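Everything on this sheet refers to the single structure shown next.
Please treat every number below as a calculation from the coordinates, not as lab data. This structure is a prediction, so every number in the text was calculated from the model and none was measured. Quick reminder, even Gly has a Cβ in these numbers, built from the backbone with ideal geometry, and neighbours come from all protein chains shown.
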Amino acid sequence: MIYHVTYKNQEPIPQIEPMLEEKIKKIETILPSFDDDTLALHVTFERHARREEYYTALTLTLPKRKLCAKEKGFDMFHAMNQAFDELIREVKKFKELMMKKEHTYKERRLEKNPSVRRTPLEEV
């Protein structure tokens, strides 16, 4: 997975990088198998100009789908954790949707290419 990190109104914090990589690995294990080049995650950390609020925005680009999560918090770590929790929920929902529609993809593939033979288990 390719990921880009952007900071707005603040300097990069070195303590956040290991936590960020850990969260990204967690998302990679949950995702269905895609090519690494097709997955892209854009992470934006932003500090409010006048108040002590931090915003984290995550955009995960999948083939034919984009998943987004935005959260705010009293510090950057809290906002990041909340945003990644939201993104993980969306990824799990996307994965369940893919599993429900998997049988229709197989049927469409057989309709397009009738020369592919069905196994005895698929005929029943």
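Tabulated data
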read-out: Given charges at beta-carbon only (K, R positive; D, E negative), |dipole| of region 1-107 in Debye; value: 500
read-out: Gained length - K70 relative to I2, 0.36 nm times residue gap less alpha-carbon distance; value: 22.5 nm
read-out: Per DSSP, loop trypsin sites (Lys or Arg not before Pro) in region 1-51 with at most 10 further Cβ within 10 Å; value: R50, R51
read-out: Out-of-range pairs (alpha-carbon distance over 18 Å; input K70/K95; K8/K92; K66/K95); value: K70/K95; K8/K92
read-out: Segments 67-80, 33-46 sorted - mean Cβ within 10 Å per residue, highest first; value: 67-80, 33-46
